[in-house]
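The values are calculated or read from the model by the stated rules, or taken from the named source; none is laboratory data. Note that the structure is predicted; figures quoted are calculated from it, not measured. In this analysis, Cβ positions are derived from the backbone assuming ideal geometry, glycine residues included, and neighbour counts consider all displayed protein chains. With ligands, DNA and RNA removed, areas are computed over all heavy atoms of the protein, side chains included. Shrake-Rupley method; radii C 1.70, N 1.55, O 1.52, S 1.80 Å.
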Amino acid sequence: MSSTDTAKPRPPKGEPPVKRRSPERPGDKIFKGLSFGAAMIILVALAGVAIFLTVEGIPGLGASGGAVAGEANFLVYAGRLVYGTLLAAVIALIVATPLSIGMALVISHYAPRRLATPLGYMIDLLAAVPSVVYGLWGILFFGRFMGDIYVWLEANLGFIPLFSGPAATGGRTILTAGLVLALMVIPIITAICREIFAQTPTLHQEAALALGATRWEMIRYAVFPYAKSGMVSATMLGLGRALGETMAVAMVLSASGTGVMTLNLITTQNPNTIAANIARSFPEATGLSVNVLIASGLVLFLITFAVNFAARAIVARSGKRLNA
Amino acid sequence: MAKSIDVSDLDIYYGDFLAVQGVNMTIRARAVTAFIGPSGCGKSTFLRSLNRMHEVIPGARVEGKVLVDGQSLYEPGVDPVAVRRQIGMVFQRPNPFPTMSIYDNVLAGNRLNSKKLKKSAADDIVEKSLKGANLWNEVKDRLGKPGMGLSGGQQQRLCIARAIAVEPQVLLMDEPCSALDPISTAAIEDLIHDLKSQYTIVIVTHNMQQAARVSDDTGFFNLKGAGQPGHLVEFNPTEKVFANPDNDSTEAYISGRFG
Ligand SMILES: Nc1ncnc2c1ncn2[C@@H]1O[C@H](COP(=O)(O)OP(=O)(O)OP(=O)(O)O)[C@@H](O)[C@H]1O
Ligand SMILES: [Mg+2]
């Protein structure tokens, strides 16, 4: 013990200082046990998935020939699929992010409350639609509708490489897949952004308004700076969904094997995505092909992990700038 | 150009709730007008109706007339955004924009309406406004630092600098010193005194001495009873209000014999 003399009673010399603890209540104990148990189960499950993917996937890394759909080796195989996966997800985000932010702003700041509440419910409902339904809708209705547009795009904007065609009249292209993904991602991003926008402190909104800001200027001065990190997180969550979505893409997208690495968005020759490729190839796969598919799953796992990690880094950095 | 404000028969509502009833007064240009009164009597509500900040709250509305130099504020064609650019406001709690530097905070109002400012003009405005708000010497070496890094009193003066940077005709202040220490309070009172030569100033305060020190005219608001709307009891030159008020309840409130 040091020589500082305080009025506090001290434990006798030699014994470690006793931490004063509130008596443990049974409710606390039970809840602590439950939440600790739940956390452990999640960790174990996650570790199990990772171990399974790694152990089963490793043999696939060395595969060649038929098991990797005729590509030179696994790296090329995975690379082509990663390209398609990212392209579909990027198309989805380019469309979904501005739309979602706009929609969230309408709900939180523009629409009168009578309209905002039902609008919010409707968008939440969109999130509850199963992806098979999106897939069916994508093939039977949306794809055909887009097919006509692709014909028009090829005829009028064909000089842009994105639309050089030949147009897929059935519309089952990577662009259609990306747009269907966008629709599936919009409710996620909108719901999160709406919550954050609505939490912007009145203090700062009024500061902007009192200076003579229009509503849009107020949003730029007060709402966006406050919501910035949340908007990034929301977009990343949406990206995670877009990267991993299987059913809708597998149904809508017409692509075989590893697909075609192209920026031409409106043809019948499309890139393929990892998730859709697994879903479509798995039923017929045997032996090494299974390992290859699992290894591609591992690649997807790593990409999603990296995306989440990047999102966290961005959020942490902008947070630090705020407090600097 | 400072302007005078004429208020006649003003009723202020939150939805169906009548918060303030039947206010008539004339606020003189280039003078300080103080509002005093018990909590909940509608001082803030009334103040916010003078630059159309009241209607920012959903369902809030106003009936009656407010004339600023003869121009009606609540005429159908009047744009509230334009009104707020002319009539600045300082809030009870300092509210600099948290992501902006001190420099950008001062210029926030000037940059609205996508106005482009030359660097030299911007520098001039920042220096002039911060000097006007008695803050220049304390922050001139760290203009690029966030406004949130300042003390509460400094933040409040930063908000005043931001409000005067756009050279409004009227400056409304809602208990600007209530969160501040006596030294910062004194700094802001000095500032109000200096600003008086150029601006019309309206200040809400719970501090009688402050009202007596800084204002030329004083309005006393009161509630008739619980759940009743607030109303203006007395509006007179400050000296008269504090020495020899017309109304007994004013006298009771000022001398602390209230309720
Ligand atoms: N946003 C609001 N919605 C509904 N009623 C409100 C709102 N703000 C204030 N009121 C009501 O209006 C009346 C006047 O409130 P106001 O804030 O103007 O009082 P005040 O005189 O400024 O009080 P204080 O001295 O405590 O700041 C009160 O009855 C209050 O409950
Ligand atoms: Mg108030």
Worksheet item: Which angle from 0 to 90°, rounded to the nearest 10, does the C-alpha axis of helix A:288-323 make with the longest principal axis of chain A?
Response: 50 degrees
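Can you tell me which of A:54-62, B:217-225 comes out highest on packing, and rank the rest after it, using the mean Cβ neighbours within 10 Å? Kindly include the intermediate steps, with their values, before the conclusion.
On the way: A:54-62: 15.7, B:217-225: 20.6.
Ranked from most to least packed, the peptides come out as B:217-225, A:54-62.
Just the number, please: buried accessible area between A and B, total of both chains, 1.4 angstrom probe, nearest 100 square angstrom. Mind dumping the intermediate values first?
Details: alone 18690 and 12060 Å², together 28820 Å².
It comes to approximately 1900 Å² buried between A and B.
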Discussion item. Averaged over its residues, how many other protein chain Cβ atoms are within 10 Å of peptide B:46-52's Cβ atoms?
Written reply: 1
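How high is the FRET efficiency between residue A:49 and residue A:312 when r is their beta carbon distance and R₀ equals 22 Å, given to the nearest 0.05? Write out the running numbers ahead of the final one.
On the way: r = 20 Å, r/R0 = 0.92.
With a Förster radius of 22 Å, E is 0.60.
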Fill in: Most fluctuating residue given options A:153, A:119, A:46, as computed from a GNM of chain A linking Cα atoms under 10 Å
A:46
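Is there a simple number for the mean count of other chain Cβ atoms within 10 Å of the Cβ of residues in A:197-210, and what is it?
Values: counts 0, 0, 0, 0, 3, 3, 6, 5, 2, 7, 14, 6, 8, 18.
Taking the mean over all residues of the peptide, I get 5.
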Item to complete: Could you state the angle between the C-alpha long axis of helix A:224-244 and the longest principal axis of the C-alpha atoms of chain A, as a value from 0 to 90 degrees rounded to the nearest 10?
Response: 50 degrees
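Output the peptides A:179-189, B:93-103, A:31-41, B:203-213 sorted from most to least packed, where packing is the average of other Cβ atoms within 10 Å over each peptide's residues.
On the way: A:179-189: 24.3, B:93-103: 21.1, A:31-41: 10.2, B:203-213: 19.5.
Sorting A:179-189, B:93-103, A:31-41, B:203-213 by mean packing, highest first, produces A:179-189, B:93-103, B:203-213, A:31-41.
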Worksheet entry | Among B:65, B:119, B:131, residue whose mean-square fluctuation peaks in a GNM of chain B (springs only between Cα atoms under 10 Å) | B:119
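If you count, for each residue, the other Cβ atoms within 10 Å and average over each peptide, how do B:169-181, B:20-32 line up from highest to lowest?
Values: B:169-181: 21.2, B:20-32: 18.1.
Answer by packing, highest mean first, reads B:169-181, B:20-32.
Just how large is the dipole of the protein assembly as shown about the Cα centre, in debye to the nearest 20, putting +1 at every Lys and Arg Cβ and -1 at every Asp and Glu Cβ? Intermediate results must be reported in sequence, preceding the final value.
Working: 52 positive and 43 negative charges, 276 e Å.
Once rounded to the nearest 20, the dipole reads 1320 debye.
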Worksheet item: For chain A, modelled as a GNM with alpha-carbon contacts under 10 angstrom, which of A:158, A:178, A:170 fluctuates the most?
Response: A:158
Worksheet item: Average projected area of the Cα convex hull of the protein assembly as shown, in nm²?
Response: 41.2 nm²
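To the nearest 20 debye, what is the magnitude of the charge dipole of chain A about its Cα centre, counting +1 on the Cβ of each Lys and Arg and -1 on the Cβ of each Asp and Glu? Spell out each step's value before the answer.
Values: 24 positive and 14 negative charges, 295 e Å.
Around 1420 debye, computed over chain A.
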Discussion item. What distance in nm separates the two pseudo spin-label positions at residue A:28 and residue B:118, each 7 Å out from Cα along the beta-carbon direction?
Written reply: 6.8 nm
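From the cross-link list A:228/B:3; B:65/B:145; B:43/B:240; A:228/B:140, which pairs have alpha carbons spaced over 32 Å apart? List each step's numbers first, then the result.
Working: A:228/B:3 40 Å; B:65/B:145 43 Å; B:43/B:240 20 Å; A:228/B:140 29 Å.
Violating the 32 Å Cα-Cα cut-off are A:228/B:3; B:65/B:145.
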Item to complete: Would you tell me the mean number of C-beta atoms belonging to other protein chains that fall within 10 Å of each C-beta in B:96-102, as a whole number?
Response: 4
Worksheet item: How many angstrom separate the Cα center of region A:150-188 from the Cα center of region B:173-250?
Response: 66 Å
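Scan region A:72-155 for trypsin sites (Lys or Arg not before Pro) in coil per DSSP, keeping those whose Cβ has at most 16 other Cβ atoms within 10 Å, and list them by number. Please list the in-between numbers first.
On the way: sites: A:80, A:113, A:114, A:144; in loops: none.
Counting only loop positions with at most 16 other Cβ atoms within 10 Å, none of the trypsin sites (Lys or Arg not before Pro) in region A:72-155 qualifies.
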Discussion item. Using only Cα atoms and rounding to the nearest 10 degrees, what angle (0 to 90) does helix A:174-198 make with the longest principal axis of chain A?
Written reply: 20 degrees
Worksheet item: Once Rh for chain A is found with the Kirkwood sum over Cα pairs, what is the Stokes-Einstein diffusion coefficient at 37 °C and 0.692 mPa s, in µm²/s?
Response: 140 µm²/s
Worksheet item: Hey, any idea what % of the protein assembly as shown's accessible area is carbon plus sulfur with a 1.4 Å probe?
Response: 61 percent
Worksheet item: So how far apart, in nm, are the two label points at residue B:127 and residue A:114 if each is 7 Å from Cα heading toward Cβ?
Response: 5.5 nm
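Determine the per residue accessible area of region A:85-323 with all protein chains present and a 1.4 angstrom probe, expressed in square angstrom. Let's see the in-between values first.
Values: 10870 Å² over 239 residues.
Ligands and nucleic acids excluded, the figure is 45 Å² per residue.
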Worksheet item: Rounded to whole Å and sorted largest first, what semi-axes of the equivalent ellipsoid does the C-alpha gyration tensor of chain B yield via the square root of 5 times each eigenvalue?
Response: 31, 21, 16
Worksheet, complete the sentence: Placing +1 on each Lys and Arg Cβ and -1 on each Asp and Glu Cβ in the protein assembly as shown, then taking the dipole about the Cα centre, the residue among A:272, A:211, B:232 whose Cα reaches farthest towards the positive end is A:272
